[in-house]
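Worksheet for the structure shown next.
The values are calculated or read from the model by the stated rules, or taken from the named source; none is laboratory data. Every value quoted in this text rests on a predicted model; they were computed, and no experiment measured them. Ideal geometry is used to build each Cβ from the backbone, glycine not excepted, and the neighbour counts take in all protein chains shown. Keep in mind that these areas ignore ligands, DNA and RNA; they rest on the heavy atoms of the full protein, side chains included. Shrake-Rupley method; radii C 1.70, N 1.55, O 1.52, S 1.80 Å.
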Amino acid sequence: MRAFVAMLAAGFALSGVTGAQAYHRFWANCNTDPPTFMTTMTRDAAQDYANAARYEGYQWGGGCWNYDEVDSYPDDPPQQPGTHGEGGDCSGLTFKTWRESTDTWRDGRYYWRALRNVHGPYDAAAFRDGNGAPNHVVAKATAGVMDAFASGTHIGMVFMRSLYGGDQIVEAKCEACGTNIFYRTYRGDSAYGGVGRWGWTG
Amino acid sequence: MGLDRLMPSAAALALVVAGCGGGGGGGRPSRLLDGRAAAQFEPVGGSVIASGRVLDLDGGADGCLAAPDRANVASDAKMVERIGVDGESLTFASRDGSMVYACDGGIDPAGERHLPWCHAVVGELDGERVLDPRLDVICRDRRRRPVAYAFVDPVAGARWIGVRKDGYVEIYEVLAGLPVRVATVRGIDLENDTAAFEVTQYDAVGRELVHGELEAAVAG
(Lines give C-alpha, C1' and ligand atoms only; values in the text may rest on other atoms or scores of the structure.)
Protein backbone atom coordinates (compact mmCIF):
# COMPACT_ATOMS: atom_id res chain seq x y z
CA MET A 1 0.00 0.00 0.00
CA ARG A 2 2.82 2.39 0.89
CA ALA A 3 4.44 1.71 -2.45
CA PHE A 4 1.17 2.45 -4.23
CA VAL A 5 0.73 5.76 -2.40
CA ALA A 6 4.35 6.69 -3.10
CA MET A 7 3.96 5.95 -6.80
CA LEU A 8 0.68 7.87 -6.90
CA ALA A 9 2.32 10.90 -5.33
CA ALA A 10 5.30 10.59 -7.65
CA GLY A 11 2.96 10.32 -10.60
CA PHE A 12 1.25 13.56 -9.68
CA ALA A 13 4.62 15.21 -9.22
CA LEU A 14 5.64 13.94 -12.62
CA SER A 15 2.57 15.33 -14.26
CA GLY A 16 3.37 18.74 -12.88
CA VAL A 17 -0.30 19.46 -12.33
CA THR A 18 -0.91 17.70 -8.98
CA GLY A 19 -4.11 15.97 -7.99
CA ALA A 20 -6.20 18.82 -9.33
CA GLN A 21 -5.74 17.14 -12.70
CA ALA A 22 -8.76 15.07 -11.81
CA TYR A 23 -11.07 18.11 -11.56
CA HIS A 24 -13.79 18.30 -14.19
CA ARG A 25 -16.02 21.04 -12.87
CA PHE A 26 -16.87 24.21 -14.71
CA TRP A 27 -15.33 22.92 -17.92
CA ALA A 28 -18.11 20.34 -18.05
CA ASN A 29 -20.33 23.27 -19.12
CA CYS A 30 -17.96 24.36 -21.87
CA ASN A 31 -17.94 23.37 -25.54
CA THR A 32 -15.63 22.95 -28.48
CA ASP A 33 -17.65 24.90 -31.03
CA PRO A 34 -15.69 26.27 -33.97
CA PRO A 35 -15.20 30.03 -34.06
CA THR A 36 -17.14 32.28 -36.39
CA PHE A 37 -14.99 33.89 -39.05
CA MET A 38 -15.67 37.64 -38.99
CA THR A 39 -14.79 40.38 -41.42
CA THR A 40 -14.90 43.12 -38.81
CA MET A 41 -13.37 43.73 -35.43
CA THR A 42 -13.79 47.04 -33.67
CA ARG A 43 -12.10 48.25 -30.54
CA ASP A 44 -15.38 49.11 -28.85
CA ALA A 45 -16.74 45.64 -29.56
CA ALA A 46 -13.58 44.24 -28.02
CA GLN A 47 -14.16 46.44 -24.98
CA ASP A 48 -17.67 45.02 -24.69
CA TYR A 49 -16.41 41.45 -24.97
CA ALA A 50 -13.75 41.85 -22.31
CA ASN A 51 -16.02 43.88 -20.07
CA ALA A 52 -18.59 41.09 -20.14
CA ALA A 53 -15.95 38.67 -18.83
CA ARG A 54 -15.56 40.73 -15.65
CA TYR A 55 -16.43 38.94 -12.40
CA GLU A 56 -16.44 35.58 -14.18
CA GLY A 57 -13.24 34.46 -12.54
CA TYR A 58 -9.77 33.37 -13.49
CA GLN A 59 -8.46 29.99 -14.50
CA TRP A 60 -4.79 29.29 -15.26
CA GLY A 61 -4.71 27.95 -18.80
CA GLY A 62 -8.43 28.56 -19.16
CA GLY A 63 -10.69 30.29 -21.63
CA CYS A 64 -14.29 29.44 -20.78
CA TRP A 65 -16.83 31.45 -18.87
CA ASN A 66 -20.53 32.27 -18.73
CA TYR A 67 -22.18 35.59 -18.10
CA ASP A 68 -23.63 35.19 -14.60
CA GLU A 69 -21.21 37.70 -12.99
CA VAL A 70 -19.90 35.09 -10.53
CA ASP A 71 -16.72 33.02 -10.47
CA SER A 72 -18.15 29.55 -10.05
CA TYR A 73 -14.87 28.15 -8.68
CA PRO A 74 -12.80 30.83 -6.94
CA ASP A 75 -9.57 30.27 -5.03
CA ASP A 76 -8.31 27.23 -6.91
CA PRO A 77 -4.63 26.38 -6.41
CA PRO A 78 -2.58 28.66 -8.68
CA GLN A 79 -0.88 27.69 -11.95
CA GLN A 80 -2.78 24.47 -12.40
CA PRO A 81 -4.78 24.08 -15.62
CA GLY A 82 -6.19 20.86 -14.21
CA THR A 83 -8.47 22.66 -11.78
CA HIS A 84 -10.83 23.34 -14.70
CA GLY A 85 -12.50 26.37 -13.13
CA GLU A 86 -14.33 29.29 -14.69
CA GLY A 87 -12.64 32.15 -16.52
CA GLY A 88 -9.73 32.78 -18.77
CA ASP A 89 -6.19 33.49 -17.75
CA CYS A 90 -4.48 36.66 -18.91
CA SER A 91 -3.41 35.39 -22.32
CA GLY A 92 -6.59 33.36 -22.84
CA LEU A 93 -8.74 36.43 -22.28
CA THR A 94 -6.60 38.45 -24.67
CA PHE A 95 -6.65 35.73 -27.32
CA LYS A 96 -10.45 35.51 -27.30
CA THR A 97 -10.97 39.26 -27.07
CA TRP A 98 -8.64 39.82 -30.01
CA ARG A 99 -10.50 37.22 -32.08
CA GLU A 100 -7.41 35.23 -32.90
CA SER A 101 -6.91 31.83 -34.48
CA THR A 102 -5.34 28.80 -32.84
CA ASP A 103 -3.07 28.71 -35.90
CA THR A 104 -0.37 31.28 -35.35
CA TRP A 105 0.01 32.00 -39.06
CA ARG A 106 -3.62 33.10 -39.52
CA ASP A 107 -4.35 36.78 -39.08
CA GLY A 108 -8.11 36.61 -39.69
CA ARG A 109 -10.78 37.44 -37.12
CA TYR A 110 -12.36 34.56 -35.28
CA TYR A 111 -15.19 35.14 -32.82
CA TRP A 112 -15.17 32.70 -29.90
CA ARG A 113 -18.25 32.44 -27.73
CA ALA A 114 -17.77 32.74 -23.98
CA LEU A 115 -18.45 29.07 -23.26
CA ARG A 116 -16.07 27.90 -25.98
CA ASN A 117 -13.14 26.58 -23.98
CA VAL A 118 -10.09 27.85 -25.81
CA HIS A 119 -6.89 29.43 -24.57
CA GLY A 120 -4.90 29.87 -27.75
CA PRO A 121 -1.25 29.12 -28.40
CA TYR A 122 0.22 32.28 -26.89
CA ASP A 123 1.45 32.80 -23.38
CA ALA A 124 2.12 36.29 -22.06
CA ALA A 125 5.73 36.28 -23.26
CA ALA A 126 4.65 35.32 -26.78
CA PHE A 127 2.23 38.23 -26.88
CA ARG A 128 4.86 40.59 -25.52
CA ASP A 129 7.26 39.51 -28.24
CA GLY A 130 4.65 40.01 -30.95
CA ASN A 131 4.59 36.32 -31.85
CA GLY A 132 1.98 35.18 -34.36
CA ALA A 133 0.64 36.77 -37.51
CA PRO A 134 -2.12 38.77 -35.79
CA ASN A 135 0.14 40.34 -33.17
CA HIS A 136 2.79 43.01 -33.24
CA VAL A 137 4.85 45.08 -30.87
CA VAL A 138 3.75 48.70 -30.38
CA ALA A 139 5.37 51.62 -28.62
CA LYS A 140 4.05 51.86 -25.09
CA ALA A 141 3.63 55.60 -25.37
CA THR A 142 1.19 55.21 -28.23
CA ALA A 143 -0.66 52.12 -27.02
CA GLY A 144 -4.36 52.87 -27.20
CA VAL A 145 -7.69 51.31 -26.33
CA MET A 146 -7.57 47.51 -26.56
CA ASP A 147 -3.88 47.42 -27.27
CA ALA A 148 -2.10 45.63 -24.45
CA PHE A 149 0.87 45.65 -22.13
CA ALA A 150 2.61 42.33 -21.67
CA SER A 151 5.52 41.04 -19.60
CA GLY A 152 7.04 37.58 -19.52
CA THR A 153 4.31 36.44 -17.17
CA HIS A 154 1.27 38.66 -17.63
CA ILE A 155 -0.76 40.59 -20.19
CA GLY A 156 -3.56 43.11 -19.75
CA MET A 157 -5.47 45.16 -22.30
CA VAL A 158 -5.94 48.92 -22.16
CA PHE A 159 -9.60 49.49 -21.42
CA MET A 160 -9.19 53.22 -21.10
CA ARG A 161 -6.23 55.54 -20.99
CA SER A 162 -5.77 57.63 -17.89
CA LEU A 163 -4.42 61.13 -17.57
CA TYR A 164 -2.53 60.24 -14.43
CA GLY A 165 0.24 57.96 -15.63
CA GLY A 166 -1.52 54.66 -15.42
CA ASP A 167 -4.32 53.03 -17.38
CA GLN A 168 -7.56 51.23 -16.72
CA ILE A 169 -6.54 47.70 -17.66
CA VAL A 170 -8.95 44.85 -18.30
CA GLU A 171 -7.21 41.65 -17.37
CA ALA A 172 -7.51 38.18 -15.92
CA LYS A 173 -5.08 38.67 -13.11
CA CYS A 174 -5.15 35.82 -10.61
CA GLU A 175 -7.40 33.34 -8.81
CA ALA A 176 -7.92 35.71 -5.92
CA CYS A 177 -8.53 38.84 -8.00
CA GLY A 178 -10.31 37.26 -10.95
CA THR A 179 -11.05 39.09 -14.18
CA ASN A 180 -11.79 42.78 -13.85
CA ILE A 181 -10.72 46.30 -14.73
CA PHE A 182 -7.90 47.62 -12.58
CA TYR A 183 -5.84 50.79 -12.50
CA ARG A 184 -2.30 49.70 -13.45
CA THR A 185 1.00 51.38 -14.28
CA TYR A 186 2.22 48.83 -16.80
CA ARG A 187 2.83 51.65 -19.30
CA GLY A 188 5.69 52.91 -17.13
CA ASP A 189 6.95 49.52 -16.00
CA SER A 190 10.13 48.39 -17.75
CA ALA A 191 9.11 44.73 -17.44
CA TYR A 192 6.17 45.38 -19.77
CA GLY A 193 6.16 46.00 -23.49
CA GLY A 194 3.39 47.25 -25.73
CA VAL A 195 1.64 44.84 -28.04
CA GLY A 196 -1.21 45.22 -30.48
CA ARG A 197 -3.51 43.30 -32.76
CA TRP A 198 -3.37 43.89 -36.50
CA GLY A 199 -6.66 44.23 -38.30
CA TRP A 200 -8.94 46.51 -36.33
CA THR A 201 -11.72 47.75 -38.58
CA GLY A 202 -12.90 50.49 -36.31
CA MET B 1 2.02 39.47 -42.49
CA GLY B 2 -0.84 37.02 -42.22
CA LEU B 3 -1.67 34.23 -44.59
CA ASP B 4 -5.39 33.70 -44.25
CA ARG B 5 -6.03 34.78 -47.80
CA LEU B 6 -3.45 32.29 -49.04
CA MET B 7 -5.07 29.35 -47.31
CA PRO B 8 -6.18 27.38 -50.38
CA SER B 9 -2.78 27.50 -52.04
CA ALA B 10 -1.01 26.80 -48.76
CA ALA B 11 -3.20 23.77 -48.20
CA ALA B 12 -2.44 22.51 -51.70
CA LEU B 13 1.27 23.00 -51.11
CA ALA B 14 1.03 21.13 -47.82
CA LEU B 15 -0.54 18.19 -49.63
CA VAL B 16 2.22 18.16 -52.21
CA VAL B 17 4.87 18.28 -49.50
CA ALA B 18 3.12 15.54 -47.56
CA GLY B 19 2.94 13.46 -50.69
CA CYS B 20 6.60 13.87 -51.43
CA GLY B 21 7.88 13.70 -47.87
CA GLY B 22 7.89 10.13 -46.70
CA GLY B 23 9.69 8.70 -43.73
CA GLY B 24 9.42 9.94 -40.18
CA GLY B 25 7.37 7.16 -38.67
CA GLY B 26 8.56 4.48 -36.26
CA GLY B 27 12.04 3.20 -35.57
CA ARG B 28 14.97 4.58 -33.68
CA PRO B 29 16.49 7.58 -35.45
CA SER B 30 20.19 7.36 -36.03
CA ARG B 31 20.90 11.08 -35.82
CA LEU B 32 20.06 14.11 -33.75
CA LEU B 33 18.74 17.34 -35.16
CA ASP B 34 22.24 18.69 -35.82
CA GLY B 35 23.34 15.57 -37.68
CA ARG B 36 25.34 14.00 -34.88
CA ALA B 37 25.08 10.26 -34.42
CA ALA B 38 22.52 9.47 -31.73
CA ALA B 39 23.86 7.56 -28.74
CA GLN B 40 21.76 4.97 -26.97
CA PHE B 41 20.99 4.82 -23.26
CA GLU B 42 21.92 1.23 -22.55
CA PRO B 43 19.31 0.48 -19.87
CA VAL B 44 16.49 1.44 -22.25
CA GLY B 45 16.37 -0.50 -25.47
CA GLY B 46 15.90 1.48 -28.66
CA SER B 47 16.53 4.79 -26.95
CA VAL B 48 18.24 7.96 -28.11
CA ILE B 49 20.16 10.28 -25.81
CA ALA B 50 19.53 13.93 -26.55
CA SER B 51 22.71 15.97 -26.36
CA GLY B 52 22.89 18.02 -23.19
CA ARG B 53 25.60 20.26 -21.85
CA VAL B 54 26.03 23.08 -19.38
CA LEU B 55 27.54 26.25 -20.81
CA ASP B 56 28.02 29.86 -19.83
CA LEU B 57 25.12 31.90 -21.14
CA ASP B 58 27.49 34.54 -22.49
CA GLY B 59 24.98 36.10 -24.88
CA GLY B 60 23.85 32.73 -26.18
CA ALA B 61 20.20 33.56 -25.63
CA ASP B 62 20.25 37.09 -27.04
CA GLY B 63 18.58 35.93 -30.21
CA CYS B 64 15.52 34.65 -28.42
CA LEU B 65 15.17 36.53 -25.17
CA ALA B 66 13.44 39.90 -25.02
CA ALA B 67 15.33 42.81 -23.49
CA PRO B 68 13.35 42.88 -20.21
CA ASP B 69 14.13 39.22 -19.66
CA ARG B 70 17.79 39.62 -20.56
CA ALA B 71 18.03 42.17 -17.77
CA ASN B 72 16.80 39.52 -15.32
CA VAL B 73 19.47 36.99 -16.25
CA ALA B 74 23.13 37.25 -15.22
CA SER B 75 25.48 37.33 -18.19
CA ASP B 76 27.58 34.58 -16.61
CA ALA B 77 24.58 32.39 -15.75
CA LYS B 78 24.78 28.70 -16.54
CA MET B 79 22.55 27.47 -19.30
CA VAL B 80 21.65 23.97 -20.40
CA GLU B 81 21.80 23.42 -24.14
CA ARG B 82 19.84 20.45 -25.41
CA ILE B 83 19.72 19.07 -28.94
CA GLY B 84 17.44 16.16 -29.55
CA VAL B 85 15.73 14.46 -32.44
CA ASP B 86 12.75 16.80 -32.75
CA GLY B 87 13.93 19.98 -31.13
CA GLU B 88 16.61 22.00 -29.42
CA SER B 89 16.43 24.33 -26.45
CA LEU B 90 18.30 26.46 -23.98
CA THR B 91 17.31 26.55 -20.30
CA PHE B 92 18.56 28.94 -17.63
CA ALA B 93 17.40 30.64 -14.46
CA SER B 94 16.93 34.27 -13.57
CA ARG B 95 19.48 36.12 -11.49
CA ASP B 96 17.46 35.64 -8.29
CA GLY B 97 16.53 32.04 -9.04
CA SER B 98 12.80 32.74 -9.02
CA MET B 99 12.20 32.16 -12.73
CA VAL B 100 13.32 29.69 -15.35
CA TYR B 101 13.59 30.58 -19.02
CA ALA B 102 13.70 28.43 -22.10
CA CYS B 103 14.47 29.24 -25.70
CA ASP B 104 12.70 26.75 -27.95
CA GLY B 105 14.08 25.89 -31.36
CA GLY B 106 12.27 25.54 -34.64
CA ILE B 107 10.49 27.46 -37.35
CA ASP B 108 8.07 30.25 -36.53
CA PRO B 109 5.08 29.52 -38.79
CA ALA B 110 4.21 33.20 -38.85
CA GLY B 111 7.68 33.92 -40.21
CA GLU B 112 8.48 36.61 -37.70
CA ARG B 113 11.23 34.81 -35.78
CA HIS B 114 14.46 33.54 -37.22
CA LEU B 115 16.14 30.19 -36.74
CA PRO B 116 17.23 28.60 -34.57
CA TRP B 117 14.74 30.03 -32.05
CA CYS B 118 11.04 30.35 -32.53
CA HIS B 119 9.84 31.16 -29.02
CA ALA B 120 10.95 31.92 -25.47
CA VAL B 121 9.02 30.93 -22.35
CA VAL B 122 9.32 31.83 -18.71
CA GLY B 123 8.10 29.86 -15.71
CA GLU B 124 7.94 30.53 -12.01
CA LEU B 125 10.22 28.40 -9.85
CA ASP B 126 9.41 27.04 -6.42
CA GLY B 127 12.87 25.91 -5.37
CA GLU B 128 14.03 23.76 -8.28
CA ARG B 129 10.50 22.92 -9.30
CA VAL B 130 8.66 24.83 -12.01
CA LEU B 131 5.02 25.37 -11.14
CA ASP B 132 3.69 24.94 -14.68
CA PRO B 133 5.21 22.97 -17.58
CA ARG B 134 5.11 26.08 -19.80
CA LEU B 135 3.92 24.24 -22.84
CA ASP B 136 4.89 25.78 -26.16
CA VAL B 137 3.14 24.65 -29.32
CA ILE B 138 4.09 27.55 -31.56
CA CYS B 139 7.17 26.05 -33.21
CA ARG B 140 7.39 23.81 -36.27
CA ASP B 141 10.13 21.41 -37.27
CA ARG B 142 11.88 21.31 -40.64
CA ARG B 143 9.00 19.29 -42.04
CA ARG B 144 6.55 21.88 -40.71
CA ARG B 145 5.16 19.53 -38.09
CA PRO B 146 4.17 21.13 -34.77
CA VAL B 147 6.75 20.65 -32.05
CA ALA B 148 5.66 20.79 -28.42
CA TYR B 149 8.08 21.77 -25.68
CA ALA B 150 7.47 21.45 -21.94
CA PHE B 151 9.34 21.40 -18.67
CA VAL B 152 9.52 18.22 -16.64
CA ASP B 153 10.34 18.44 -12.94
CA PRO B 154 12.74 15.64 -12.00
CA VAL B 155 11.66 13.61 -8.98
CA ALA B 156 14.16 13.00 -6.17
CA GLY B 157 17.04 10.85 -7.39
CA ALA B 158 16.22 11.21 -11.07
CA ARG B 159 19.19 11.57 -13.41
CA TRP B 160 17.55 10.81 -16.73
CA ILE B 161 14.15 11.72 -18.20
CA GLY B 162 12.69 9.55 -20.95
CA VAL B 163 10.01 10.73 -23.34
CA ARG B 164 8.20 8.15 -25.46
CA LYS B 165 8.25 8.91 -29.18
CA ASP B 166 7.04 6.90 -32.14
CA GLY B 167 9.13 3.74 -31.95
CA TYR B 168 11.76 4.89 -29.46
CA VAL B 169 12.38 6.74 -26.21
CA GLU B 170 14.30 10.00 -26.15
CA ILE B 171 16.45 10.40 -23.03
CA TYR B 172 17.36 13.74 -21.46
CA GLU B 173 19.95 14.16 -18.73
CA VAL B 174 19.03 16.18 -15.65
CA LEU B 175 21.55 19.02 -15.55
CA ALA B 176 22.38 22.09 -13.48
CA GLY B 177 19.49 21.58 -11.07
CA LEU B 178 17.03 22.96 -13.61
CA PRO B 179 13.74 21.58 -14.88
CA VAL B 180 14.27 19.56 -18.03
CA ARG B 181 12.95 21.01 -21.29
CA VAL B 182 11.68 18.13 -23.42
CA ALA B 183 10.30 18.16 -26.95
CA THR B 184 8.00 15.98 -28.98
CA VAL B 185 6.02 15.92 -32.21
CA ARG B 186 3.68 13.30 -30.77
CA GLY B 187 0.50 13.78 -28.76
CA ILE B 188 -0.06 17.43 -29.74
CA ASP B 189 -3.62 18.79 -29.89
CA LEU B 190 -3.38 22.15 -31.64
CA GLU B 191 -7.13 22.69 -31.52
CA ASN B 192 -7.01 22.79 -27.73
CA ASP B 193 -3.40 23.95 -27.36
CA THR B 194 -2.46 20.95 -25.27
CA ALA B 195 0.06 18.15 -25.51
CA ALA B 196 0.60 14.86 -23.73
CA PHE B 197 4.07 13.55 -22.98
CA GLU B 198 4.61 9.97 -21.85
CA VAL B 199 7.43 10.42 -19.38
CA THR B 200 9.60 7.98 -17.45
CA GLN B 201 12.20 9.08 -14.94
CA TYR B 202 15.31 7.00 -14.22
CA ASP B 203 18.05 7.11 -11.65
CA ALA B 204 21.75 7.29 -12.55
CA VAL B 205 22.00 3.63 -13.49
CA GLY B 206 18.76 3.56 -15.41
CA ARG B 207 16.39 2.16 -12.80
CA GLU B 208 12.87 3.37 -13.45
CA LEU B 209 11.63 5.68 -10.70
CA VAL B 210 8.31 6.86 -12.01
CA HIS B 211 6.28 6.64 -15.18
CA GLY B 212 3.24 8.64 -16.22
CA GLU B 213 1.70 11.07 -18.63
CA LEU B 214 2.39 14.78 -18.46
CA GLU B 215 -0.70 16.56 -19.74
CA ALA B 216 0.25 20.13 -20.46
CA ALA B 217 -1.75 23.12 -21.64
CA VAL B 218 -0.59 26.51 -22.86
CA ALA B 219 -1.15 28.97 -20.05
CA GLY B 220 -0.30 32.36 -18.67
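Tabulated data for the structure shown
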| read-out | value |
| --- | --- |
| Inter-probe distance in nm under a simple model that places probes 7 Å from Cα toward Cβ, at A:His136 and B:Arg145 | 3.4 nm |
| Amide H contacts of A:Ile169 (H built 1.01 Å from N, under 5 Å, at least 5 apart or other chain) | A:Phe159, A:Phe182, A:Tyr183, A:Arg184 |
| Folded to 0 to 90 degrees: helix A:43-52 orientation relative to chain A principal axis, Cα | 30 degrees |
| B:Asp166 paired with B:Leu55, simple spin-label distance in nm, labels 7 Å along Cα-to-beta-carbon | 3.0 nm |
| Translational D in µm²/s for the stretch A:23-197 (Stokes-Einstein at 25 °C, 0.890 mPa s, Kirkwood Rh from C-alpha pairs) | 156 µm²/s |
| List A:Met38, B:Met79, ordered by accessible area with a 1.4 Å probe, largest first | A:Met38, B:Met79 |
| Helix-only CD estimate at 222 nm, as mean residue ellipticity for chain A, using -39500 (n - 2.57) per DSSP H run (n ≥ 4) | -5000 deg cm²/dmol |
| Heavy-atom accessible surface of the stretch B:61-109: percent carbon and sulfur, 1.4 Å | 48 percent |
| For B:Lys165, distant residues with modelled amide H under 5 Å away | B:Glu170 |
| Chain pair A, B: total accessible area buried, heavy atoms, 1.4 Å probe, Å² | 3600 Å² |
| Vicinal HN-Hα couplings computed from phi for the stretch B:43-50 (Karplus, 6.51 cos²θ - 1.76 cosθ + 1.60; Hz; Gly/Pro x) | x, 10, x, x, 9, 10, 8, 6 |
| Accessible surface of the stretch A:23-197, 1.4 Å probe, proportion on carbon and sulfur as whole % | 54 percent |
| Local net charge near B:Ser98, Cβ-Cβ under 10 Å (Lys/Arg +1, Asp/Glu -1) | -2 |
| Qualifying lysines (Cα of each under 16 Å from Cα of A:Lys96; at least 8 residues distant if same chain) | A:Lys173 |
| On Cα atoms only, tilt of A:2-15 relative to the major axis of chain A in degrees | 10 degrees |
| Helical mean residue ellipticity (222 nm; -39500 (n - 2.57) per DSSP H run of 4+; nearest 500) of chain B | -2500 deg cm²/dmol |
| Under 14 Å from the Cα of B:Lys165 - aspartates and glutamates, other chains or at least 8 residues apart | B:Asp86, B:Glu198, B:Glu213 |
| Heavy-atom accessible area per residue - the protein assembly as shown, 1.4 Å, Å² | 41 Å² |
| Sites B:His211 and B:Ala39, calculated FRET efficiency, Cβ-Cβ separation with R0 35 Å, nearest 0.05 | 0.95 |
| Within 10 Å of each Cβ in A:99-111, the average number of Cβ atoms from other chains | 5 |
| Table column - 3J(HN,Hα) (Hz), the stretch A:107-121, Karplus curve with 6.51, -1.76, 1.60, x for Gly and Pro | 10, x, 10, 10, 8, 10, 5, 4, 7, 6, 7, 8, 9, x, x |
| Long-range amide H partners of B:Val174 with built H, under 5 Å | B:Trp160, B:Ile161 |
| Estimated FRET transfer efficiency (B:Leu190, B:Asp62; beta-carbon r; R0 41 Å; 0.05) | 0.90 |
